[in-house]
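Notes for the one structure printed next.
The values are calculated or read from the model by the stated rules, or taken from the named source; none is laboratory data. These figures come from a predicted structure and were not determined experimentally. Here the Cβ positions follow ideal geometry from the backbone for every residue, glycine too, while neighbour counts run over all protein chains shown. Side chains included, ligands, DNA and RNA excluded: accessible areas come from the protein's heavy atoms. Shrake-Rupley method; radii C 1.70, N 1.55, O 1.52, S 1.80 Å.
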Amino acid sequence: MGSQVSVKTNDKEQQLKKASKMSLIRSLLPIVGLVVIFLLFNVLTDFRMMGNLSLVFSQIYVTMIAAMGVFFIMTMGGLDFSQGSILGISSIVVCMLSQKSIPLAIIGGIVSGAAIGALNGYFYVFRKIKSFIVTICTMFLFRGLIKYLTTNAPVAGSAKLINYDSTELKIACTVVILLIGFVAFRYTKFGTYLKAIGAGEKAAMFSGIRTDKMKFLIYVLAGAITGFAAFINVIKVGSVTSSGGNQLETQILIALVLGGMPISGGAKVRFENIIVGSLLYVVLNSGLTMMGFSTQMMQLIQGIVFLIFVAVFADRESIQVIK
């Protein structure tokens with residue numbers, strides 16, 4: 001009898017060690033992938049990527065900032081496909097208000113993004129419609145509005161906007177926002193509540209978490225963050241065209257999954273998924289562009305890589321229909 005108990009204990013210890021080892025491998029895989037892909041593309045492009053790092057990373061700021069809001073949403077098991085449209089609408093608002101005042105334009109971008117986020121949150125939380133359905137609908141709705149507002153000509157902002165187009169400002173804004181998000185997610189109840197909702201909403205509710213309020217506020221917060229990213233987006237060219245924010249939601253989703261983000265959210269998410277994933281996506285995209293691949297071939301390669309990472313990081317034990 002004692003020997004059977006001992007065997008079972010040893011089996012459990014071995015399973016725990018194996019699970020711990022697999023968890024470590026999964027957490028290190030995106031970082032290893034980033035290093036390998038960066039070195040590979042440098043070799044294949046005769047180190048042109050290394051020589052054009054400022055150009056490569058000029059594409060990352062908007063994606064990384066907006067990805068933080070979607071990261072919070074995915075942590076609690078939801079999705080948001082409206083981020084590109086939020087960026088486009090907020091960019092238009094920033095351009096219009098920049099004619100009056102730059103600080104007013106930034107506030108206007110944040111408020112407009114938060115308003116669209118509140119619309120998403122209302123239908124998702126209070127009307128009980130699945131998050132991916134709601135956000136796909138708002139994506140098309142506001143994409144149509146963007147095209148309508150830019151039909152005759154791009155929406156131009158103040159000439160002063162170009163003065164803010166500095167690498168130092170973009171890095172500072174990105175670092176500050178990520179730092180605030182990191183502290184809130186890692187060291188406050190905010191992150192714990194999000195993980196709890198993602199792991200099991202009913203259990204979270206019974207433990208005293210006001211899940212509906214939390215979910216609504218997260219969509220508002222994600223919209224506001226992307227609204228701020230609109231300012232970083234606009235200062236590059238000082239105007240918005242009909243393609244403003246186009247495909248941003250796809251870029252964010254790919255970046256987060258490449259960073260090791262479990263598609264179902266929950267307890268296994270890590271804040272580093274945002275940073276590593278965004279860097280990995282930009283390096284992959286820039287490397288393929290430098291090698292002269294067509295858009296169709298780039299999409300094919302990105303799709304294959306995306307599928308591989310989804311297969312690796314999907315949490316099969318807790319996988320469920322997206323909320």
Report, to the nearest 10°, how far helix 131-149 tilts away from the longest principal axis of the Cα atoms in the chain, using its own Cα long axis and a range of 0 to 90°. 10
What is the packing order of peptides 60-70, 93-103, taking the mean over residues of other C-beta atoms within 10 Å and listing the highest first? 60-70, 93-103
Ignoring ligands, DNA and RNA, what accessible area per residue does the chain give at 1.4 Å, in Å²? 50
Gained length - residue 175 relative to residue 47, 0.36 nm times residue gap less alpha-carbon distance: 43.4 nm
For the range 55-96, what does the alpha-carbon gyration tensor say about shape, rounded, prolate or oblate, given a ≥ b ≥ c as the root eigenvalues, a/c under 1.5 as rounded, and a/b over b/c as prolate? oblate
Under a 1.4 Å probe, counting only protein heavy atoms, residue 286 has an accessible area in Å², nearest 10, of 10
Positive end of the dipole of the chain, charges at C-beta (+1 Lys, Arg; -1 Asp, Glu), about the Cα centre: which of 289, 208, 231 has its Cα farthest in that direction? 208
Multiply the residue separation of residue 36 and residue 136 by 0.36 nm, subtract the distance between their alpha-carbon atoms, and state the gained length in nm to one decimal. 32.5 nm
Relative to the chain, whose Cα atoms define the longest principal axis, helix 211-234 and its Cα axis are tilted in degrees, nearest 10, by 40
Going down the list 100/213; 100/236; 170/215; 100/147; 130/213; 147/195, which pairs span over 27 Å between their C-alpha atoms? 100/213; 170/215; 147/195
Once you've got the GNM for the chain with C-alpha springs shorter than 10 Å, pick whichever of 36, 220, 276 has the biggest mean-square fluctuation. 36
List 46, 80, ordered by accessible area with a 1.4 Å probe, largest first: 46, 80
Net charge dipole size for the chain [Lys, Arg +1 and Asp, Glu -1 on Cβ; Debye, nearest 20]: 780
Heavy atoms of the protein only, probe of 1.4 Å, neighbouring chains included. What is the accessible area of residue 186 in Å², nearest 10? 110
For the chain, the percent of accessible surface on carbon and sulfur atoms (probe 1.4 angstrom, ligands and nucleic acids excluded) is 68
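Residue 312 to residue 189: FRET efficiency via 1/(1 + (r/R0)^6), r the Cβ-Cβ distance, R0 30 Å, to the nearest 0.05? Write out the running numbers ahead of the final one.
Working: r = 30 Å, r/R0 = 1.01.
Here the calculated transfer efficiency is 0.50.
Assuming a ≥ b ≥ c are the square roots of the Cα gyration tensor eigenvalues, decide whether the range 61-156 counts as rounded (a/c under 1.5), prolate (otherwise, with a/b larger than b/c) or oblate.
On the way: a/c = 2.13, a/b = 1.59, b/c = 1.34.
Prolate.
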As I understand it, the value is the acute angle between the Cα axis of helix 295-313 and the longest principal axis of the Cα atoms of the chain; what does it come to in degrees, rounded to 10? 30
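Given the -39500 (n - 2.57) contribution per DSSP H run of 4+ residues, what per-residue ellipticity at 222 nm results for the chain, rounded to the nearest 500 deg cm²/dmol? Could you put the intermediate results ahead of the total?
On the way: 14 runs with 234 residues, N = 323.
It lands at -24000 deg cm²/dmol.
Rounded, prolate or oblate: which one fits the chain, using the alpha carbon gyration tensor with axes a ≥ b ≥ c (rounded when a/c is under 1.5, else prolate when a/b beats b/c, else oblate)?
Values: a/c = 2.14, a/b = 1.37, b/c = 1.56.
Oblate, because a/c is 1.5 or more while a/b does not exceed b/c.
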Two pseudo-spin positions, 7 Å from Cα along C-beta at residue 29 and at residue 160, lie apart in nanometres by 5.0
